[in-house]
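Heads up: the structure comes next, in structure tokens.
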Amino acid sequence: MHKNVFNPITLLAFIILLVFSSCSSNKRYANNYKKKTRTERSSKTNASRSTSKRSYSSSSLKRSGIVNTAKKYIGKPYVYGGKKPTSGFDCSGFTSHVYKENGVAVSGPSYKQAKQGRKKSMKELKEGDLVFFGSGSKVSHVAIVASVSRNKVEVIHSTSSRGVVVDDITNSKYWKKRYLFGRDVL
């Protein structure tokens, strides 16, 4: 999905142009800006695009790191209140531990984690996002998005019956009816 992103340099230049062109005594500054060649403006735009790609790339690497960290705990047992790989995890202990290993602070029970970051619909989910389950508006479970494809969202989570596992929540009657929303905490 392509997002329209304002180029900060171009936006700043436009604002300066508006300010200076509105003052008759400062017309020369606006004219100096207009005289810049396309090449000068183009090189600044390309530099900004390069920075945007790095940001996207670093975010993408962070997301992959979170998923890879979560995968190494598959098979660990469920332990109520568990927050350590040595003893086992509950759902929120698992997510907070995985995120902490990747330098992201996410803590508290699932209902508190559900208030962190930016809310997302299922269509907006990306790997590394958190997803929340429950009944009505009451959150009772949290998981990490492992992968997203056109017709499938897989999560890694610590379940009370099977420990840390991967589940396809879009094709599971159980998880699909309990899905509430996702959160981007990155």
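What to note about this one:
- For first residues located in the range 56-85 and assigned by TED's automatic domain parsing to the domain that holds residue 161, partners that are assigned to a strand (DSSP E or B) and of a type in the set (S, T, N, Q) and lie 6+ apart or on another chain with Cβ distances below 6 Å form the pairs 78/158.
- Tally, over the range 106-123, of residues that are farther than 17 Å from residue 137 by Cβ and not hydroxyl-bearing (Ser, Thr, Tyr): 5
Per-residue answers, yes or no, for (1) assigned to a loop (DSSP other than H, G, I, E, B); (2) buried (at least 21 other Cβ atoms within 10 Å of the Cβ); (3) of a type outside the set (S, T, N, Q):
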site: 59; (1), (2), (3): no, no, no
site: 75; (1), (2), (3): yes, no, yes
site: 81; (1), (2), (3): yes, no, yes
site: 86; (1), (2), (3): yes, no, no
site: 99; (1), (2), (3): no, yes, yes
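- Scanning the range 146-160 for residues that are under 19 Å from the mean Cα position of the chain (by Cα) and either surrounded by 20 or more Cβ atoms within 10 Å (Cβ to Cβ) or not in a loop (DSSP other than H, G, I, E, B) (or both) turns up 146, 147, 148, 149, 152, 153, 154, 155, 156, 157.
- Filter pass, residue 107 being hydroxyl-bearing (Ser, Thr, Tyr), without any contact (Cβ under 8 Å) to a residue 40 or more places away in the chain and either farther than 23 Å from residue 153 by Cα or touching a Leu at 6+ places or on another chain (Cβ under 9 Å) (or both): yes
- Any chance residue 143 is farther than 23 Å from residue 76 by Cα and surrounded by 20 or more Cβ atoms within 10 Å (Cβ to Cβ): no
- Subset of the range 110-124 (residues that are surrounded by fewer than 21 Cβ atoms within 10 Å (Cβ to Cβ) and either without any contact (Cβ under 8 Å) to a residue 12 or more places away in the chain or of a type outside the set (S, T, N, Q) (or both)): 111, 112, 115, 117, 118, 119, 120, 122, 123, 124
- A single entry from 163, 134 fulfils the requirement of being in contact with a Ser or Thr (Cβ under 6 Å, 6 or more places away or on another chain) and surrounded by fewer than 21 Cβ atoms within 10 Å (Cβ to Cβ): 134.
The values are calculated or read from the model by the stated rules, or taken from the named source; none is laboratory data. This structure is a prediction, so every number in the text was calculated from the model and none was measured. Don't worry about glycine lacking a Cβ; one is built from the backbone with ideal geometry, like all the others, and counts go over all protein chains shown.
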